[in-house]
1. Provide the packing ranking of 130-137, 142-149, 158-165, 9-16, i.e. peptides ordered by the mean count of other C-beta atoms within 10 Å per residue, highest first.
2. Run the numbers for residue 159 and residue 14: contour at 0.36 nm per residue of separation, minus the present Cα-Cα distance, in nm.
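What follows draws every value from the coordinates through simple rules; no lab data is involved. The structure presented is a predicted model; accordingly, all values stated were derived computationally and were not measured. In this analysis, Cβ positions are derived from the backbone assuming ideal geometry, glycine residues included, and neighbour counts consider all displayed protein chains.
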Amino acid sequence: AAGAPGSPIVGIGFDSIPPSLALDGIKNVADMVAVPANHTAKLLVAWGDPIMPGGTPFNPDASNTAAEQAKQFGTHTDGMHFFPFVSRGQVQNDRGILCANNEYTPEAILYPAGQTGTDVLGAGYSVEKCRKSQSAHGVSIVELRRVNGNWSVVTNSPYARRLTSH
């Protein structure tokens, strides 16, 4: 929103979005994407999307292994940067590398029966569960291309990788 009358603050060019308030006071917040008027939001890449050759999609039952998670986009991104490719000294505006920090994992939903429950990975917390969590943390590096105005992940890119703690 624009600054107060007479203020040197000019705003950022679109109407503010009100904060999403907790529905029950603590845990649940509205599960939605909100954008200003005359703007749109499109999903580019989500947790568990395969981002490199040999990657498999996220299983809704959370049964992916640590090795599979290591080839998937990580979880809970809180920072990212786009590095455009440069060709013959010219910055390309339709192709580049996106590096995204994957800050933490939702342990309660990362495993089929939660963090400490009995499931196909074994009772309680295990080395395999630790490795899977480590594979969801770190940095996801993907190549992006824009074709006909739409951005997408290049899943067979030689640049794609995950940086994890193991």
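1. Highest to lowest by the protection proxy: 130-137, 158-165, 142-149, 9-16.
2. Extra length available between residue 159 and residue 14 comes to 48.7 nm.
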